[in-house]
Amino acid sequence: MSRTFVNGAAMAIGCLLLVSMTTSPSKVHPIPARSSAHVGVLPTLPRIVPAPPGREPVYAKHGMVVSSSAIASEIGRDILKQGGNAIDAAVATAFAMAVTWPSAGNIGGGGFILYVDKNGKATSFDFREKAPLTASETMFLDSNGKLISNLNHRGILSVGTPGTVAGLFLAHQRYGKLPWKKLVDPAVKLAAKGFVFTHALMDDSEWKKSTWTKIPSTAHVMYRNDSIVIGQGENWKQPELASTLKRIRDKGHDGFYKGETAKRLAQFMSSQGGLITEKDLAEYQAIERKPIEGNYRGNIVYSMPPPSSGGVALVEMLNILEGYDLKQVGYASADYIHLLKAAMQRAFADRAEYMGDPDFNPELPVARLTSKQYAAQLKQTISFDKASPSDSSRFGQIYDGGNNTTHFSVVDNDGNAVALTYTLENSYGSQIVADGLGFFLNDEMGDFNPMPGVTTNDGQIGTKPNLIRPGKRMLSSMTPTILVKDGKPLMVIGTPGGRTIINSVLQVILNVIDHQMNIAEAVEAPRFHHQWLPDCIYLESLTVNKNTQEELTRRGNKLKELPPTWYQGAAMGIYIDRKSGYIMGGVDSRSPDAGGAGY
Ligand code: GLY
């Protein structure tokens, strides 16, 4: 289907025009210092686990982990110190985050690993959740064919068959060095002995109280005596999760997908009207896949292939932008934002039209969308004078920039690198803890297109590649990415944030490669997002000044400045500085419990 990007005034679709905030007329906007982005009704108390301040990298000579959980980063770092490689450290960090960062760190969800070894050889692991075997295309619709409100994102039917344990196990089998048990054991101990409940966890427990106390299995895990919020600084033990992790430690993949855990999970699903059975679990397999490969200004860009849309869209945008001197265009200038938005708009239109699970869509046009030739064609459709309107008769998805996913980056002493992004979809997934097993279940079924054929400009996509099918993986935006220069990993990056992920990763890469920011500045810098429809640029607060906003509006762009407490993902990056020999970590202060640990 052809798509025309005409120059003209953008259509007003769900995007409030805002021209407030900073008044500085300077073209290059300074990077603001950020405090913890986790804002709630409770008073802000000092952090128990200090995260390094934004803009200052964490430095190390041998190895490093940067993640949204300082405790988990330290566990990963300790594995590196004990002679583990980047995959070993990633496995240990991922299991630790299932204990310390339960909003997104998980064993009840899924995700992706991108791995590039010290010689620049790249591979990836897909452990995306799958639709249960009895799922159907119309399972979230009522008898009139209408979407039952939020059913695909809330409640037991929103749960996809989890993939995390399978993915970590497969990656370890292929490339791990230390014994599996050694990597899972720190998480077992952390869950059994407990760790200090952070302000962020306390804040979430307060905020979610009305929901979680209605779900007995969740209330049991998240509150003292099922209802009392655990205070910041108290020790939080998760004995049921410890037992589940112990079975994974001792039996590997089968410790989750077979035996007691599988039986209990299937029984719980059945008692709640869910679809996942022991057969779903027994049949789940992670897959090693060939990464997406691009080239941006002499750097090889490896990123995640479908069922993530991230790698394809990222490379498509980089290919378009390579045709411009972005330094000359000017960081955060009206031209810069106008241009990046145009690239985002085009890549997201293609994402909506073409992307889905490759195992169910053998003809995905990946090669075409990631080719330089296609980018050159798209470049011809971009004008600096007038914004291209998104075609409102087609495709649309609502803005989704929440803290629903998490990413961490690892580099080991040999220079091997891992970018791992995994998710429960929404923050704490379906909100449902698997009874007796101690972990949150995802609500990833919400990433499928729920209404076949129904594509609107305010929130639905109904295109075929991402409709529900039994055993199919839902489309993702997760974009774990590694840049390689002269045959060795140079930069490792990723972030949470739903569909904003792809645009956040793009902007961090541009910040480093085109604007020569250090990795900490690059992850900290304000970001913005456009996703084709709604036809709107969502700006983090303080991204651009008033004059720039006015100029963008004059050209026909629609803008929405987000409130200061909203943020676009929390990127965790590593840059390997060839000159100094330092590994530099960028820990995004948008994530309240984050930390980098190196040695
Ligand atoms: N659940 C977010 C994503 O996969 O993109």
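Side notes on the structure shown:
- Cβ crowding within 10 Å averaged over residues, with 373-385, 325-337 ranked highest first: 325-337, 373-385
- Projected area averaged over orientations for the range 203-260, convex hull of C-alpha atoms, nm²: 4.9 nm²
- Annotation: Cα Rg of the range 63-146 relative to the compact-globule expectation 2.2 N^0.38 Å equals 1.50.
- Hydrodynamic radius (Kirkwood) for the chain, which is based on Cα pairs only, to one decimal in Å: 23.6 Å
- The range 76-201 - Rg over Rh from alpha carbon coordinates, Kirkwood radius: 1.08
- Of the GluC sites (Glu not before Pro) found in the range 295-377, those that fall in a DSSP loop while having at most 10 other beta-carbon atoms within 10 Å are E363.
- Of all accessible heavy-atom area on the chain, the percent that carbon and sulfur account for (1.4 Å): 53 percent
- Residue (of P216, A525, L265) at the positive-pole extreme of the chain, dipole from beta-carbon charges: A525
- Pairs beyond 29 Å (Cα-Cα), from K81/K485; K193/K472; K121/K189; K327/K560; K121/K464; K485/K558: K193/K472; K121/K189; K121/K464; K485/K558
- Within the chain, percent of DSSP bridges classed antiparallel, to nearest 5: 95 percent
- Semi-axis lengths, Å, the range 554-599, gyration tensor of Cα atoms, sqrt of 5 times eigenvalues: 32, 17, 5
- Helical segments meeting 15 Å axial Cα length and Kyte-Doolittle -0.5 threshold in the chain (DSSP H): 70-81, 86-100, 164-175, 180-193, 310-321, 334-354, 500-513
- Cα centroid separation, the range 510-560 to the range 432-487 (Å): 26 Å
- Based on the reciprocal of the average 1/r between different C-alpha atoms, the Kirkwood radius for the range 465-599 equals 16.5 Å.
- Where Rh is the Kirkwood radius over Cα pairs, Rg/Rh for the range 227-317: 1.18
The values are calculated or read from the model by the stated rules, or taken from the named source; none is laboratory data. The structure presented is a predicted model; accordingly, all values stated were derived computationally and were not measured. All Cβ positions, even for glycine, are placed from backbone atoms using ideal geometry, and neighbour counts span all protein chains on display. Protein only, heavy atoms only, side chains kept; ligands, DNA and RNA dropped before computing areas. Shrake-Rupley method; radii C 1.70, N 1.55, O 1.52, S 1.80 Å.
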